[in-house]
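Report on the structure given below.
Computed from the coordinates by the stated procedures, all read-outs in this text should not be read as laboratory data. Not measured: the values here are computed from a predicted model. Here the Cβ positions follow ideal geometry from the backbone for every residue, glycine too, while neighbour counts run over all protein chains shown.
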């Protein structure tokens, strides 16, 4: 960088600059020439040759020079002006490998020349921000999100082609706390190492986990017990109820197939005989019941029914008592997750329900999900009012990642997936601060408007 300032005493002396350091000044003009337009010409020594510049500023000389510690390029003296290679009338000019900035010196005398020596093209801004964000996740980001850690987390895995992403999210604040990208399907050892690393992060800050919510995957029970001990493990209520609902709908589909088998086989065309007309009326009645069961199948799994919906359900289940039993079983399942009862009471109701279903072998085979051990674990939240019943926090993170994959096509390698997740995690923190700032601004503006009014 070359900086030359004018002096009030304009004499014909200038500084001679060597390749190492400036030691003294001589009376030989350096990079100095008179021109009709009043410009200064100077040359910079390069490995491949010389770069000659003509700058539209006042003729500059230096009376004295002092020793400096910055190594600079050699400037060769020329007794007369050289044909310029580039000339910019504006304050700033750009070339492919050099930037030349000209500014005024503070005061009423002189000007300032600021020149960047030629070199390789600058790569500033060309590197993706993901690498920088990924390195800051382990330090500043964790300090910010763990400052108000609730103690309740949700864990889940997300499969993305050959990769698998493991997430841990604060189940109260809905913030991603830790993640890891695997290039294979996770095993119990991978989940154990994942939880151990997160526990080390919490131990370094004096924090503990009070409860963990996961889906019904068999990957989590053993690692949770190994790493966190006797911490409360809640299986997501939504996933358990979803499995039971699927079983109920399959039973209704099976009932529709059974009704279809009861239809009589009729010849093509209009029925002519008495028996043919009776068979046609019977088939029409059975087909109407099949259609009603398909169109109103949601009534068998809906949480609460209105009076009109109850009448519709009563009509479509006429002559089908086992379908009414399915609706009664679904009501009992929903009552198990009522927060007004304790876990012991819910387990007693579940035991009674299982005894009733075992009396009917076909129904027990259809509703085998009611005998899953995950159903007991999904009732853990009844004894802890702060333990979330679902893993919606981490499921929201998965949906955000899926949406990102649809719009950003380059996120397909393990490195890019990790970097992109790091950027999203940083953006989540900024969104909270931005929303708080917007609310403060709106409140202040509303107050000012009220005062003005």
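What is the list of residues in region 372-387 whose amide nitrogen lies under 12 Å from a point 7 angstrom out from the Cα of residue 172, following Cα to Cβ?
Backbone N within reach: 385-387.
Quick one: grab the alpha carbon gyration tensor of region 307-346, order the square roots of its eigenvalues as a ≥ b ≥ c, and give me rounded if a/c is under 1.5, else prolate or oblate depending on whether a/b is larger than b/c.
Oblate, since a/c reaches 1.5 and b/c is not below a/b.
In whole angstrom, note down how far apart the Cα centers of region 358-428 and region 268-288 are.
About 50 Å separates the Cα centre of region 358-428 from the one of region 268-288.
Can you tell me the length gained on complete extension of the stretch residue 355 to residue 143, counting 0.36 nm per residue apart and subtracting the Cα distance?
My answer for the length gained is 71.2 nm.
Based on the Cβ-Cβ distance of residue 362 and residue 185, what FRET efficiency does E = 1/(1 + (r/R0)^6) give at R0 = 30 Å, to the nearest 0.05?
Working from the Cβ atoms, E equals 0.25.
Specify whether the C-alpha gyration tensor of region 323-453 places it in the rounded, prolate or oblate class, a ≥ b ≥ c being the square roots of the eigenvalues: rounded for a/c under 1.5, otherwise prolate if a/b is larger than b/c and oblate if not.
The shape class here is oblate.
Once R0 is set to 30 Å, what does the formula 1/(1 + (r/R0)^6) return for the Cβ-Cβ distance between residue 282 and residue 314, expressed as a FRET efficiency to the nearest 0.05?
With R0 = 30 Å, the Cβ-Cβ based efficiency is 0.85.
Quote to one decimal, in nm, the extra length available between residue 207 and residue 402 on full extension: 0.36 nm per residue of separation minus the C-alpha distance between them.
67.1 nm is the gain from fully extending residue 207 to residue 402.
How many angstrom lie between the C-alpha centres of region 152-168 and region 295-311?
36
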